[in-house]
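Here's the structure, in structure tokens; my notes come after.
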Amino acid sequence: MLSDSERRTVHELESALLADEAFTRAVLPAVTRLQRLSAPVVVGVGADGSGASALDWAAAEAAGQRRPLRIVHAYHLPMAVVDPFGVALTADCLSAQQAAAAQLLDVALARVRSVAPGVRASASVVRGSPHRVLLRESRGAHLLVLGARRRARRHGLVQAPLHLRVATSACCPVTVVHPSRDAGADRLPPRVVVGIDGLEHSDAAIGFAFRAAARRGIPVTAVHAWTADCPADLEAVTAPLVTTESGAHALVDGAVARWRELYPDVPVTTEVVRRDPVSALVTGSADAALVVVGSRGSRGGLATLFGSVGRAVIDVAAGPVAVVPRGTGSSPPAAHRWASG
């Protein structure tokens with residue numbers, strides 16, 4: 001164990017090195033890479049029972065990526081801790097809530113150990129609103145996994161569901177997992193489906209899809225939906241449909257070209273369909289192990305969130321949906337394949 005004087009010496013050396021700009025510039029890239037390699041898969045669990053499928057999926061994903069798993073439960077106390085009669089709640093009552101949260105995490109850890117025994121798992125109860133806690137967790141996470149209950153479509157909602165708000169604002173990719181459905185007897189071999197719209201944020205989603213497919217040893221299907229060109233003038237002059245369709249094929253081929261080279265062992269199929277993007281991706285999700293969509297972020301506000309393709313796909317897709325923010329870094333091909341099945 002170091003003495004006080006030795007600790008001061010170490011601290012002085014660290015300060016001197018960090019003050020050296022040349023040293024910092026040389027070391028920072030390596031530190032950043034190490035941080036990314038050790039970043040955990042984070043899964044949020046709630047008390048409503050909607051997170052069991054998400055927990056199983058996150059545990060399998062952490063095992064496949066050989067990353068630690070962090071289980072988080074947001075513990076949100078009311079602003080004024082009083083009962084309806086104006087009497088302050090006792091410490092025993094608060095302790096009971098905290099004990100319930102701790103028990104929830106104990107159950108979650110036990111489930112992870114049964115699903116993926118080799119995963120290094122930890123669990124934390126974090127004070128704060130679930131939205132803020134999860135966004136804060138996303139800053140240091142490699143992937144954030146959330147559960148969501150399927151719900152009927154409603155119009156005029158004041159606030160989007162938690163998983164949608166987090167998926168639009170998180171700093172890392174977010175996978176939304178609905179409760180498992182019974183697999184059909186005639187289910188096709190699984191694949192990873194990725195939506196391509198030709199915009200900048202698509203590239204991060206494509207890279208995420210190829211990495212996920214490489215780990216699982218399954219193919220990628222790149223889907224691009226196109227529609228006829230709008231009239232360019234009052235005389236309703238438009239490009240021929242064959243020209244528009246040809247351009248759509250060229251767009252998809254160009255978007256996946258770099259990733260084909262990085263992942264030569266991943267089979268790739270392109271689907272260029274004349275329909276709206278939501279129905280194209282939802283149809284493709286029927287036999288997909290994962291559907292991947294890109295995200296522009298939340299700069300457009302709630303109007304952008306409620307009108308986004310990603311939001312609609314999350315609502316009705318048959319399986320897990322990953323929302324990948326623009327700027328998510330690419331990585332070299334995976335050295336191993338998905339091991340959890």
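Data overview
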{"item": "One residue from 10, 82, 41 being in contact with a Leu (Cβ under 8 Å, 6 or more places away or on another chain) and modelled with pLDDT of 80 or more", "result": "41"}
{"item": "Failed condition for residue 228, given (1) modelled with pLDDT under 75; (2) surrounded by 14 or more Cβ atoms within 10 Å (Cβ to Cβ); (3) in contact with a helix residue (DSSP H, G or I) (Cβ under 8 Å, 6 or more places away or on another chain)", "result": "(2)"}
{"item": "Of all residues in the range 126-155 being modelled with pLDDT under 90 and either charged (D, E, K, R) or part of a helix (DSSP H, G or I) (or both), the one that is surrounded by the most Cβ atoms within 10 Å (Cβ to Cβ)", "result": "149"}
{"item": "One residue from 282, 242 being over 19 Å from residue 165 (Cβ atoms) and at pLDDT below 85", "result": "242"}
{"item": "Meets criteria (surrounded by fewer than 19 Cβ atoms within 10 Å (Cβ to Cβ) and either at pLDDT below 80 or closer than 16 Å to residue 196 by Cα (or both)) for residue 248", "result": "no"}
{"item": "Options 59, 63; residue that is within 15 Å of the chain's Cα centre (by Cα), modelled with pLDDT of 90 or more and assigned to a helix (DSSP H, G or I)", "result": "59"}
{"item": "Hits in the range 156-207 - residues which are farther than 18 Å from residue 145 by Cβ, small (Gly, Ala, Ser) and at pLDDT 70 or above", "result": "160, 195, 198, 202, 207"}
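Rundown of residues vs (1) at pLDDT below 75; (2) assigned to a helix (DSSP H, G or I); (3) hydroxyl-bearing (Ser, Thr, Tyr); (4) not assigned by TED's automatic domain parsing to the domain that holds residue 146, yes/no style:
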position	(1), (2), (3), (4)
78	yes, no, no, no
86	yes, no, no, no
95	yes, yes, yes, no
101	no, yes, no, no
105	no, yes, no, no
111	no, yes, no, no
114	no, yes, yes, no
117	no, no, no, no
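The values are calculated or read from the model by the stated rules, or taken from the named source; none is laboratory data. This is a predicted model, so every value here is computed, not measured. Glycine also receives a Cβ, built like all others from the backbone with ideal geometry; neighbour counts cover every protein chain displayed.
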